[in-house]
Structure formats: C-alpha cells, structure tokens
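Have a look at the structure below before the remarks.
The values are calculated or read from the model by the stated rules, or taken from the named source; none is laboratory data. Worth saying up front: this structure is predicted, and the values here are computed from it rather than measured. Quick reminder, even Gly has a Cβ in these numbers, built from the backbone with ideal geometry, and neighbours come from all protein chains shown. The protein model used for the area step is the full one, side chains on, heavy atoms only, and it has no ligands, DNA or RNA in it. Shrake-Rupley method; radii C 1.70, N 1.55, O 1.52, S 1.80 Å.
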Amino acid sequence: MTIERYIRLIAGGLILISLALAHWVNINWLWFTAFVGANLFQSAITRWCLMEGILIKLGVAKKP
C-alpha cells in the first residue's frame, strides 16, 4: 500500500473509533472526530501532514 492509502485508512479508522466512543462512552469524543477532520482539511490546503512524516520514518513507500 502507498502512503496516501495508509493515511486514509488511519484517518477513517480514527473517525469511526471516536464516533463509537462518543456513542457508547462519552459525547466529548466527538471533539477528537473534529480534530481528525480539521487535520485532514489543513493537510489538503497546506500539503503538509504529520502522519505522512511519521509513516515515512517508519519506512512506508510513497509510490508503489
């Protein structure tokens, strides 16, 4: 998998997990959902993503 697919997988997973936690544990977990969404928005505008840097350091390939 490429780095872009990993980022989408991680972001989608975090959103689904935080929605489940908001439903079953505490509604305040929706703030985490908003945080992930804001980071996705910011990375689309600035073309900088912290998760991308982390994945590159872990050895994930940028292109297949």
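Summary table below
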quantity	calculated
Per-residue HN-Hα couplings for the range 46-58 [Karplus 6.51, -1.76, 1.60; θ = phi - 60°; Hz; x = Gly/Pro]	8, 6, 10, 9, 4, 4, 4, x, 5, 5, 5, 5, 7
Estimated dipole of the chain in Debye, rounded to 20 [Cβ of Lys and Arg +1, of Asp and Glu -1, Cα centre]	260 debye
For the range 23-38, Karplus couplings with θ = phi - 60° (6.51, -1.76, 1.60), whole Hz, Gly/Pro x	6, 9, 10, 7, 4, 5, 5, 5, 5, 5, 4, 5, 4, 5, x, 5
With every protein chain in place, the chain: carbon and sulfur % of accessible area (1.4 Å)	71 percent
THR2 accessible area, assembled protein chains, probe 1.4 Å, Å²	30 Å²
Probe 1.4 Å, accessible area per residue of the chain, Å²	80 Å²
Cα centroid of the range 47-62 to Cα centroid of the range 1-27, whole Å	17 Å
Mean residue ellipticity (222 nm) of the chain, computed from DSSP H runs ≥ 4 via -39,500 (n - 2.57), nearest 500	-24000 deg cm²/dmol
Contour excess over end-to-end distance, with Cα ends at ILE45 and HIS23 and 0.36 nm allotted per residue	4.9 nm
